[in-house]
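The values are calculated or read from the model by the stated rules, or taken from the named source; none is laboratory data. No experiment lies behind these values; they were computed from the predicted model shown. Cβ: placed from backbone, ideal geometry, glycine included. Neighbour counts: every protein chain shown.
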């Protein structure tokens, strides 16, 4: 693993060793985005989730 620059957080210094490792990192990041470990109450509200689903459905139909 490469060493970070001075002041750069260690977690941002990921350098994949192979194309497979890079693709696995992309999938893990997507899954964490789609299914977060923690959510606020506001994220469960109709305004946050329902309208996104409605817009997605309309764009899919169009």
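Here are the numbers:
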| read-out | value |
| --- | --- |
| Filter result for the condition that a residue is at pLDDT below 85, surrounded by 10 or more Cβ atoms within 10 Å (Cβ to Cβ) and touching a helix residue (DSSP H, G or I) at 6+ places or on another chain (Cβ under 7 Å), over 48, 42 | 48 |
| Scope the range 12-31; condition at pLDDT below 80 and part of a helix (DSSP H, G or I); matching residues | 12 |
